[in-house]
Amino acid sequence: MNIALVVTLIGAFAVLLTVGAPVALALGGSAMLTVACFFGPTQYLSIPTGMAGATESHVLLAIPFFVLAGTILAESTLSRRLVALAEIVTRRLPGGMGIAMVIAGIFLAGISGSGPADVAILGTIMLPMMLKQGYRRGVASGLTALSGSIGIIVPPSIALIIYGSVTPGVSIERLFLGGVGPGVLMGGLLALTISRLAPRKASGTPTGSEAHGALLPALWKAGWAVLFPFIILGGIYLGIFTPTESAAVAVVYALFVSAVVYRDLNLRTLVHCLADAARITAGVMILVACAALFARILTLEGVAAGVGTWLAETLTNRWVLLLGVNLLVLSAGCFLDAISIFYILVPILLPALTHAGFDPVHLGIIFSVNLAIGQVTPPVGVNLFVSCSLSKAEIGETVRESWPLLAAAVLALVLVNLVPQITLWLPNTMR
């Protein structure tokens, strides 16, 4: 291992991040500087081919389709119908509006697969309603950020697709199924916590007949939205289509529901959705290409193998090893996005963890839950910033007032680590 090369690569990356460069630029720039210094400028000719090759995985083909399906459904009235249904179902419970946000977040995650997009939808529709009911601004903002973060755990999570693409022998089907239990667990703990934090007047007071009378129309209106994740997951595990094909099915379903059923998709809106999906997909693929280049240099220099061997020899207790990995991924998630972390850390950490007897699917979900928490943690928690911008709450205010919600998310992480069956029961049952 060339120590000078590794120091140059990681040092340049850290400097670029510190000065505010985008993550993709920091990854690609530090990698190209390292190539120039240690391999010579002539090696630049191989960089475009390598970066393009990193985006040609058949698994990654699912990303643009899921993104397009999400943008189409986000532009329709589907999200509002989902929110209305969740609000009616929970209105009689203490903190019903907060619980409705968590439920809506889980279902929206099953549609868009993008945390920031879910936060934007939830914040636009539900934040004003929560504030009107007397929720503290910081609590409402924190719940919005955490509810949107569930999108990185439950299918069709883009992060899980990325993890599957960089982890040999791990199927996307098992990852998708593995994310269901932890996603529901985190949602349940958040719902329980917000029911304790909600102001008294936030509890709904309709009679049973009123609630029943409103539920059936709301369920009818939102039925197509509720069916969406079940159709996608059901089709995959019944063998009707593969995960990549399911992404194309998702687009067809989104077009049918928006254009034919709800009739709120016109040509202008479709063009806007296509443009949004292209922009988001381009950003993801640029990040994938740059992260793959960065990771390739680490692999060629033997960093992944060396660190993996050191971890296996030093941390002989498998639970101490897992604790160290959790702390590392959780810390990295405060600064980097999921794609970068999966490309950089998974090749380094996975060999030692699998050697210690941990299931790769379980590890993928552990990584994802850590990153879900990282998305709402300063200094670079993207979901936190989106939520605070919508609620007009200060970052410090949100962190201070919503710490019980963050504690609930950490408890979910601990349980997912200690009880593998929360993750593995469904994939093993559906074999």
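Since every read-out is calculated from the coordinates, none of them should be taken as a lab result. On a predicted model such as this, the values are computed, not experimentally measured, just so you know. Every residue, glycine as well, gets a Cβ built from its backbone with ideal geometry; the counts of neighbours run over all protein chains shown.
What's the extension gain from R318 to L238 if we count 0.36 nm per residue and subtract their Cα-Cα distance?
The span from R318 to L238 would gain 25.2 nm if fully extended.
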**Request:** With only Lys, Arg, Asp and Glu charged, each at its Cβ (+1 for the first two, -1 for the last two), find how big the charge dipole of the chain is about the Cα centre; round to the nearest 20 debye.
**Result:** 1120
**Prompt:** Any idea what Rg and Dmax come out to for segment 1-53 if you just take the C-alpha atoms, in Å?
**Reply:** 11.4, 29
**Request:** Round to the nearest 10 and give me the degree value, 0 to 90, for the angle of helix 23-38's Cα axis relative to the longest principal axis of the chain.
**Result:** 0
**Request:** Run the numbers on segment 55-429 and let me know its relative contact order in percent, using alpha-carbon pairs under 8 Å that are six or more apart.
**Result:** 29
**Fill in**
Per the charge dipole of the chain (beta-carbon charges, Lys/Arg positive, Asp/Glu negative, Cα centre), the residue among W224, A278, V67 reaching farthest to the positive end is W224
**Request:** Could you check the simple spin-label distance between V260 and L227, using points 7 Å along Cα→Cβ, in nm with one decimal?
**Result:** 1.0
**Asked** At 222 nm, what helix-only mean residue ellipticity would the chain give, in deg cm²/dmol to the nearest 500, using -39500 (n - 2.57) for each DSSP H run of four or more?
**Response** -25000 deg cm²/dmol
**Request:** For T18 and W310, compute 0.36 nm times the residue count separating them, minus their Cα-Cα distance, and round to one decimal in nm.
**Result:** 102.3 nm
**Fill in**
Between the Cα axis of helix 3-18 and the main Cα principal axis of the chain, the angle (0 to 90°, nearest 10) is 30
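What is the Rg over Rh value, at two decimals, for the chain, using alpha-carbon atoms and the Kirkwood definition of Rh?
Values: Rg = 21.8 Å, Rh = 22.3 Å.
With Rh from the inverse mean 1/r over Cα pairs, Rg/Rh is 0.98.
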**Asked** So, by mean Cβ neighbours within 10 angstrom, what's the order for 21-27, 79-85 with the highest one leading?
**Response** 79-85, 21-27
**Prompt:** In degrees from 0 to 90, rounded to the nearest 10, what is the angle of the helix 172-197 Cα long axis to the longest principal axis of the chain?
**Reply:** 50
